[in-house]
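The values are calculated or read from the model by the stated rules, or taken from the named source; none is laboratory data. On a predicted model such as this, the values are computed, not experimentally measured, just so you know. Here the Cβ positions follow ideal geometry from the backbone for every residue, glycine too, while neighbour counts run over all protein chains shown. When the accessible area is computed, the model is the full protein with side chains, heavy atoms only, and any ligands, DNA or RNA have been set aside. Shrake-Rupley method; radii C 1.70, N 1.55, O 1.52, S 1.80 Å.
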Amino acid sequence: MFKFFKGKNNKLKTASIDIDFNNVPKHIAIIMDGNGRWAKERNLPRTMGHKAGVETIRRIIKECDKLGVKYLTLYAFSTENWKRPKDEVSALMKLLVEYLKKEFDELNRSNVVINNIGDISKLPLECQKELKAAYEKTKHNTGITMNLALNYGGRDEILNAVNGIIKDVKDSKLDINKIDESVFSNYLFTKGMPDPDLIIRPSGEQRISNFLLWQCAYSEFWYSNINWPDFSEQDLHKAIYDFQNRDRRFGGIKK
Ligand code: FPP
């Protein structure tokens, strides 16, 4: 069990971490929010916040892997993020390419599958190239799958699935009477993956922001006031600990 005590500045500290390894969420999804506010608090340009956010990705993927999480989905760029100033959008795309180039060897050595979800065909060609190459080279790895959600929107994903289904019905590849939840799920970007057990949103915001709308039906939500660049391994442990103490009934009743 976690034992909390009050450390310096009255902050909660974890004395010992005793996560139940039999009940680690298989799939964690994170809305990496608060980069801009983190930078603003330090009088830095927003892009520095995103840069600091990349450092957090590095730490959190390692920790998730260590804990036995099988899928980590990171919301890196939404279908709505194109509304941001051009400079910020290009800085994010540049960061993505840098991240993939710099981290590839280490992630591959750690057996990580570098996957992406979202409509990446709208991303700059260099991003598409790096993402496709990273996936091709790691798709047979057997460790944690990191899903980078890029130009991702839950509504867009559902529409895309509906269009895919219509096409397959028209092409006689799918029987119109056989469309159930499981068939529908196979037309989503997350095809073949379990739904997220736990969705984490740092930075104090408490909304879903078009993230995994189909898949979050029975996800547990965990919010924290900490901005993403400051999100620590200990915060992840707290989220998992909290998750492990929830009563998940999936609409049923406890036996
Ligand atoms: C939300 O914070 C964050 C984003 C829209 C981008 C997240 C991107 C990264 C962490 C780095 C790039 C990703 C990769 C995979 C290299 P915000 O900017 O909305 O923060 P704010 O709400 O405080 O303004």
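Key figures
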read-out	value
Whole-number percent relative contact order across the chain, with pairs defined as alpha carbons under 8 Å at least 6 apart	26 percent
Of all DSSP beta bridges in the chain, antiparallel share, percent nearest 5	15 percent
Relative contact order (percent, whole number), segment 154-255, Cα cutoff 8 Å, 6+ residue spacing	25 percent
Mean accessible surface per residue for the chain, computed with a 1.4 Å probe while every protein chain stays in place, in Å²	56 Å²
Highest average packing first - 104-113, 189-198, Cβ atoms within 10 Å	189-198, 104-113
Accessible-area order (highest first, 1.4 angstrom probe) of the listed residues Y135, Y152, Y187	Y135, Y187, Y152
Extension reserve of the D171-R84 stretch, reckoned as 0.36 nm per residue once the Cα distance is removed	27.4 nm
Relative packing of 85-94, 138-147, which averages over residues the other C-beta atoms within 10 Å, highest first	138-147, 85-94
Value of relative contact order over segment 106-200, rounded to a whole percent, pairs C-alpha under 8 Å and six or more apart	29 percent
Kirkwood-based Rg to Rh ratio, segment 98-255, C-alpha trace	1.00
Gyration tensor (alpha-carbon) shape descriptor, segment 137-178, a/c threshold 1.5	oblate
Rounded percent of accessible protein surface that carbon and sulfur make up, the chain, 1.4 Å probe	50 percent
Nearby lysines by direct alpha-carbon distance to K254 (threshold 22 angstrom, same-chain neighbours under 8 apart not counted)	K26
5 angstrom amide H check on I144, placed H, neighbours 5+ away	V113
Most to least packed among 33-42, 67-76 [average Cβ atoms within 10 Å]	67-76, 33-42
Straight-distance crosslink candidates among lysines, where the alpha carbon sits under 22 Å from K129 and sequence neighbours closer than 8 are dropped	K51, K86, K94, K101, K102, K137, K139, K191
log10 of Debye I(q)/I(0), alpha-carbon scatterers only, for segment 100-169 at 0.22 Å⁻¹	-0.94
K132-E106 FRET efficiency (beta carbon distance; Förster radius 22 Å; 0.05 resolution)	0.70
Rounded to the nearest 20 debye, dipole of the chain from Cβ charges on Lys, Arg, Asp, Glu	500 debye
